[in-house]
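The structure appears below as structure tokens.
The values are calculated or read from the model by the stated rules, or taken from the named source; none is laboratory data. A quick note: this is a predicted structure, and the numbers were derived from the prediction, not measured. Here the Cβ is made from the backbone with ideal geometry for all residues, glycine too, and neighbour counts use every protein chain on show. The accessibility values were calculated without ligands, DNA or RNA, using every heavy atom of the protein model including side chains. Shrake-Rupley method; radii C 1.70, N 1.55, O 1.52, S 1.80 Å.
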Amino acid sequence: MTRIVVFRRIAAGLILLLSSVASSAQTAPDKAHIDEVLRGLNRGRSVGQVAVSPDGSRLAWIDLGPNPGLRIAPISNISTAEPVQVSGRCSESDILWRPDSKALAFFASCGDAKQADLYLSHLDGQPAVRLTQLTGYTNEAAFSPDGTKMAFLYVEGATRPAGALAAMKPFAGVIGEDGIEIQRIAVADATAGEAQKPQQVTPANLHAFEFGWSPDSKSLAYTAAEPPGENNWWTAKLYAQTIGASAPEVILAPAEVPGPLHGLQMAVPRWSPDGKNIAFIGGLMSDQGSTGGDVWLVPASGGAPRNLTPGAQSSVAWIDWAGDSTALYVVRVVGGEDELGMIRAGSNSNVLVQLKPPVFRVAGSIGDGRISHSISFTADHKLAVFRASSFDHPTEIYAVRTDAQPGATVTTLAGLTQLSHLNDGVEPAWGKSESLSWKSDGFNVQGWLLLPKNYDPSKRYPLIVLVHGGPASAVESRWGAGGGINAPAFSALDYFVLQVNPRGSYGQGEAFVQANRKDFGYGDLRDILGGVDAAEKKYPIDDKRVGLTGWSYGGFMSMFAVTQTHRFRAAVAGAGISDWQSYYGENSIGQWMIPYFGASVYDDPAVYAKSSAINFIKRVKTPTLVVVGDRDGECPAPQSFEFWHALRDEHVPTQFVVYPNEGHGFVDPAHRRDVMERAVDWFARYMPE
């Protein structure tokens, strides 16, 4: 802990540590050109969230374009959209319809205030009514089925967003005891005519993560754990609690049940319409919010959980009961694509029952903007609305009828019913995309390949391999670029870019997700190298100009891979992990490691040592750029410092950049841009033509 505090003190500004930078390297692209490319990556208008009214007559969405705000329109013609009236200039989020479709609620922060409060609009042209007086962090609101109450996640007096991605507070006081911020479920009266302080209904000693209402509007099902929440999500239990009760009932504790769910994680609890069961997604998950696994069912009174999707070759990311208590709609990741399908919860055979074919499967990314892969349904579940995009198509709002006779599997967004035309004529600033598949150790592995923007098959091109974070996550076809290191930028600069979903990723089933347990850096590296081989067999890639990069788990892979192979000529490691043994005692989320490594580092140090790049550092010859935020709690800066220090001592070309006041996910646009500019320069420098 002392090392982290000292390190943060010296990171008061942007720290740049340099060593062994070759003078004969090729000059990087002109900085002005890089800036132009980066500005063009997110061209077009974005949509923050979409919500169809329960009766299917209207659509509400948050437009993030030049004139941002909350819009509403008849679903038959959303080009006639009008802004929802709020007093003052406001920034809206978390929109939700009242079950009777006559009112719309949302969080909004207005004027210069940063605090978000709940508002309710009756859509009658009058300004929305402010319902709450809040002082803290808010998220994920939901109406009770009877429409009289709204529940939401609330950290009263919060100094930072909940979770481990945000910059950690500077260490001070009694560590692990002082200043802990607890997220609880709060309930507000949706019928009140004036602002009120909400009732916090969950205990003060439990950090709540996700919740769902009971059908009678009297109780909540939720996942929660003892604080601190950012560390203990991996050990959360499923609770049920009547509103007004002093204590909840434990419905399920994965650490205490035998079988395949033992010690794994839960997400998206949803009470069945008959009140008898609670469905949830269970599986090995490395990050809260990055959801994937099987669909499980447990009696609402407690009991043995039942897996509804055993052996499925996919990862379910979101669920919703289909109007009765015998079936659920599911959004799942299948080989890098998104699919909306159905399972029969009442089936005695416990097997996945698909619509024949599913409602749709698309080579793109779908969701309504609430949580990962969520969909907005009408009350009868006959109409689903969501935003969607792909590498080839910018974000638009789409709809699909679930009661129509299913047709052939949709493979492009053009096969869906498009409601909006926010980005007509907008073309990608990068090259074409292609899904690649290959075999590795008997597994099916998938990845996305972006071609160079100005691709000429008669020329040979360099390749950048980008490994996603997680590891329980998946690269999907999605418009634009995120923060930090991103694939479209390299494609726009005429690189091939391969984004692999190696073992440990979602999309091939739970056995594939769990295939990297106690094996970080070995089987997953073979999967990645197999993807490089597959790309080189199909396209003119210069094998002497292959680079590697990634963030978080991808940062670890960038550090570890260069100790195992010289295939990569340059690497950029973002927020990586170089020494699992020291990392265990440095990070703020240590609970995630037990399901992956099988024991603590104190009980089995060898399993941590075998995947630690620092133990193989003398093998490294690859020039490596290392970047990290100084307040990263997930992958603390000393991990990057240790790797850079070792490379410097071994006379390997390296450079280390620390960004002030940044956590695991960078928020300062200037820092995001700087990371990308440095990465471009690094690969150009060490992978010259």
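Each residue in the stretch 155-177 was checked for being surrounded by 11 or more Cβ atoms within 10 Å (Cβ to Cβ) and either hydroxyl-bearing (S, T, Y) or on the phi > 0 side of the Ramachandran plot (or both), and 3 of them qualify. Total residues in the stretch 310-330 satisfying the condition of being closer than 18 Å to Q265 by Cβ and open to solvent by less than 10 Å² (accessible area, probe 1.4 Å): the figure is 7. Given the criteria within 30 Å of G442 (Cβ to Cβ), among the β-branched types (V, I, T), assigned to a loop (DSSP other than H, G, I, E, B) and modelled with pLDDT of 95 or more, does T309 qualify? The answer is no for T309. Can you confirm whether S109 is touching a strand residue (DSSP E or B) at 6+ places or on another chain (Cβ under 9 Å), open to solvent by 60 Å² or more (accessible area, probe 1.4 Å) and part of a strand (DSSP E or B)? No; evaluated as a whole, the condition is false for this residue.
With respect to A142, is the statement that it is assigned to a strand (DSSP E or B) and open to solvent by 10 Å² or more (accessible area, probe 1.4 Å) true? Judged against the criteria, A142 is a match. Does A208 satisfy being part of a strand (DSSP E or B), within 20 Å of Q591 (Cβ to Cβ) and of a type in the set (G, A, S)? Yes, satisfied.
Could we say that G555 is out of contact with any helix residue (DSSP H, G or I) (no Cβ under 6 Å at 6 or more places or on another chain) and surrounded by fewer than 21 Cβ atoms within 10 Å (Cβ to Cβ) here? No: the conditions fail for G555. From the list P406, P457, the one residue that fits, being at pLDDT below 95 and over 23 Å from L625 (Cα atoms), is P406.
Please find, within the stretch 227-257, the residue that is surrounded by the most Cβ atoms within 10 Å (Cβ to Cβ) out of those that are of a type in the set (S, T, Y) and at pLDDT 95 or above.
Only one residue fits best here, namely Y239.
When the stretch 377-388 is limited to residues that are open to solvent by less than 10 Å² (accessible area, probe 1.4 Å) and of a type outside the set (V, I, T), the one that is nearest to D146 (Cα to Cα) turns out to be A384.
I'm trying to understand the selection: among the residues of the stretch 57-80, which are outside any strand (DSSP E or B) and either among the acidic types (D, E) or open to solvent by less than 20 Å² (accessible area, probe 1.4 Å) (or both)?
Scanning the stretch 57-80 gives G65, I78.
Cβ separations smaller than 9 Å between residues 6+ apart or across chains give the following pairs from the stretch 128-148 residues that are of a type in the set (S, T, N, Q) to residues that are open to solvent by 50 Å² or more (accessible area, probe 1.4 Å) and not in a loop (DSSP other than H, G, I, E, B): T135/E156; T148/D189.
If you filter the stretch 526-545 down to residues that are out of contact with any Ser or Thr (no Cβ under 7 Å at 6 or more places or on another chain) and open to solvent by less than 10 Å² (accessible area, probe 1.4 Å), you find that the one that is nearest to E689 (Cα to Cα) is I541. Would the stretch 656-676 turn up any residue that is more than 30 Å from L41 (Cα to Cα) and among the aliphatic types (A, V, I, L, M)? Scanning the stretch 656-676, I find no residue that is more than 30 Å from L41 (Cα to Cα) and among the aliphatic types (A, V, I, L, M), so the answer is no.
In the stretch 412-434, what residues are surrounded by 14 or more Cβ atoms within 10 Å (Cβ to Cβ) and small (G, A, S)? Passing the criteria: G415, S420, A429, G431, S433. When you check G482 against the structure, is it open to solvent by 40 Å² or more (accessible area, probe 1.4 Å) and under 21 Å from F512 (Cα atoms), yes or no? In short, no.
Rundown of residues vs (1) open to solvent by 40 Å² or more (accessible area, probe 1.4 Å); (2) assigned to a loop (DSSP other than H, G, I, E, B); (3) under 24 Å from G590 (Cβ atoms), yes/no style:
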{"residue": "G212", "(1), (2), (3)": "no, no, no"}
{"residue": "D216", "(1), (2), (3)": "yes, yes, no"}
{"residue": "L220", "(1), (2), (3)": "no, no, no"}
{"residue": "T223", "(1), (2), (3)": "no, no, yes"}
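Which residues, counting only those in the stretch 653-680, are open to solvent by 50 Å² or more (accessible area, probe 1.4 Å) and either in contact with a helix residue (DSSP H, G or I) (Cβ under 8 Å, 6 or more places away or on another chain) or not in a loop (DSSP other than H, G, I, E, B) (or both)? Result: P669, R672, R673, R678. Taking the criterion of being in contact (Cβ under 8 Å) with a residue 24 or more places away in the chain and among the β-branched types (V, I, T), the residues of the stretch 576-612 that qualify are I577, I589, I594, V607.
For the stretch 558-584, a tally of residues being open to solvent by 10 Å² or more (accessible area, probe 1.4 Å), closer than 18 Å to K610 by Cβ and not charged (D, E, K, R) returns 5.
Return the total of residues in the stretch 604-632 being over 24 Å from D287 (Cβ atoms), open to solvent by 20 Å² or more (accessible area, probe 1.4 Å) and not in a helix (DSSP H, G or I). Residues meeting the conditions: 1.
Of the residues making up the stretch 128-137, those that are in a strand (DSSP E or B) and open to solvent by 20 Å² or more (accessible area, probe 1.4 Å) number 3. What do you reckon, is I185 modelled with pLDDT of 90 or more and either under 30 Å from the mean Cα position of the chain (by Cα) or open to solvent by 60 Å² or more (accessible area, probe 1.4 Å) (or both)? In short, yes. For the stretch 258-265, indicate whether the set of residues that are in a helix (DSSP H, G or I) and either open to solvent by less than 30 Å² (accessible area, probe 1.4 Å) or under 24 Å from L165 (Cα atoms) (or both) is non-empty. The answer is no, given that none of the residues of the stretch 258-265 is in a helix (DSSP H, G or I) and either open to solvent by less than 30 Å² (accessible area, probe 1.4 Å) or under 24 Å from L165 (Cα atoms) (or both).
Just one residue in the set S440, S477, S491, S505 is free of Cβ contacts under 8 Å to residues at least 60 places away in the same chain and either at positive phi or open to solvent by less than 20 Å² (accessible area, probe 1.4 Å) (or both); that residue is S505. Report, by residue number, each residue of the stretch 81-90 that is surrounded by 15 or more Cβ atoms within 10 Å (Cβ to Cβ), under 18 Å from V129 (Cβ atoms) and free of Cβ contacts under 8 Å to residues at least 40 places away in the same chain. Matches in the stretch 81-90: C90 only. So for the stretch 81-90 (the condition being in contact with a strand residue (DSSP E or B) (Cβ under 7 Å, 6 or more places away or on another chain), at negative phi, assigned to a strand (DSSP E or B) and of a type outside the set (A, V, I, L, M, F, W, C)), does at least one residue qualify? Yes, the stretch 81-90 contains a residue that is in contact with a strand residue (DSSP E or B) (Cβ under 7 Å, 6 or more places away or on another chain), at negative phi, assigned to a strand (DSSP E or B) and of a type outside the set (A, V, I, L, M, F, W, C).
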